[in-house]
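Written below as structure tokens is the structure these notes are about.
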Amino acid sequence: MQRKSLGLVALLVIPGLFLGLIFTMLLLLAPAKPAVASCGPAVSVVIDANTKVEGYTPEQLKNAAAIMGAGKPLDLSVKGQMISVMVALGESGLRVLDHGDGLGPDSRGLFQQRDNGAWGSYADRMNPATSARNFIKALQAVPGWELLEPTIAANKVQRNADPDHYQKYWPGAVKLVQALSDQKFTPGGSGCAISGQSGTGDDYPWKNSPTWMQAGANKASTSPLDMYYRECVDFALWRVNQQMGSTSAPFKFLNSTFRPDGQRLGSAVTWKAGWDAKGWPTGSTPRAGAVVWYAPGTGGADPTFGHVAVVKEVKGNGTYVEEGYNGNPPPNDHSYYTRTVTNTVPSAFLYLPAQEENK
């Protein structure tokens, strides 16, 4: 491979498998942006007789709008609106059902709320706006709900057996809230998150495994995370698993299963989209343990594939210490590195949700 003028080394991509980036970072010192930690307000609803969203009926759109509208006076964030719509999709398909199921024969309405006194009268449970308000109030009563993965936050209210039940409905909820809102927004892009934990140096478990360049693009060079060994993406996904309590096989978060929409997490260029698809928060403030995301061409990253790393430590002078793999040109490629970077250089920081589901 030929080195580029900015010290970048081109990335080879093998179909069906995803590589990270070999690059030399340009650490451009610039004024740091002020820290922002807001989960964002609710968006207003825009819907009329001509509103159409592919895959959804007018009845479903009307009910989604009622849910979104119920959150506005309760100071619900846009993430809360998406969670609320997600739950209604998962419980009733966004339809006001006048029946329950075998496990909850007395369940009714959009949220399949039980007749146990907690959700009001029969009329309340069958009313889209009232049932939504009651769900939202229960959601807001969950400590730290905005820091949880959406499906986990939902499960804290609904108490269904499978805490991951709602995950597959998240993309649809995002699509609906975006289509029915009065403003553009990026799911998860509020910066609302907590600090995680970085590792203790080079504790990557496959540091001596062969790279795809040594063993070829095959199973011999593919890690248990379904990435190539010693690429930036494999190290970053290891850190994600490690922080979320999954430190041995079978790992919870894999390249092939991370996203709820069936797409692979993929090379570095698609990681921000993967976070959005999963409903995990992102922002512009470095926090320990967050994934650092460089869009293509940013800060010296490859113009096609970008780069990912992990925040090891946040300094008090507008910089942070970054750790990762495969961030240097040969002969130091495919190995562990650390460097100090100005907060404003990366394109985004990809945060992890609170880890309550891993008790």
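Distance between the 7 Å Cα→Cβ label points at THR257 and LYS72: 4.1 nm.
Which entries in the list LYS62/LYS278; LYS207/LYS315; LYS52/LYS184 go over 20 Å, if you measure between the two C-alpha atoms of each? Show your work: numbers first, answer last.
Numbers: LYS62/LYS278 25 Å; LYS207/LYS315 27 Å; LYS52/LYS184 17 Å.
Too far apart for the 20 Å limit: LYS62/LYS278; LYS207/LYS315.
Take the Cα of ALA179, step 7 Å toward its Cβ, do the same at LYS137, and the gap between the two points is 3.1 nm. Can you tally the net charge around GLY324? Count Lys and Arg as +1, Asp and Glu as -1, for every other residue whose Cβ sits under 15 Å from the Cβ of GLY324. For residues surrounding GLY324, the net value is -4. Calculated FRET efficiency, SER121 to ASP203, Cβ-Cβ distance, R0 = 51 Å: about 0.35 to the nearest 0.05. A Förster distance of 30 Å, applied to the separation of the beta-carbon atoms of ALA215 and LYS168, puts the FRET efficiency at 0.30.
Using only the heavy atoms of the protein chains and a 1.4 Å probe, how would LYS168, LYS272 rank by accessible area, largest first? List each step's numbers first, then the result.
Working: LYS168 120, LYS272 35 Å².
Highest to lowest solvent-accessible surface, that is LYS168, LYS272.
Spatial offset of segment 119-180 relative to segment 256-328 amounts to 28 Å, using the alpha carbon center of each.
The values are calculated or read from the model by the stated rules, or taken from the named source; none is laboratory data. Small disclaimer: the values here were computed from a predicted structure and weren't measured. Don't worry about glycine lacking a Cβ; one is built from the backbone with ideal geometry, like all the others, and counts go over all protein chains shown. These area figures cover heavy atoms from the full protein model, side chains too; ligands, DNA and RNA do not enter into them. Shrake-Rupley method; radii C 1.70, N 1.55, O 1.52, S 1.80 Å.
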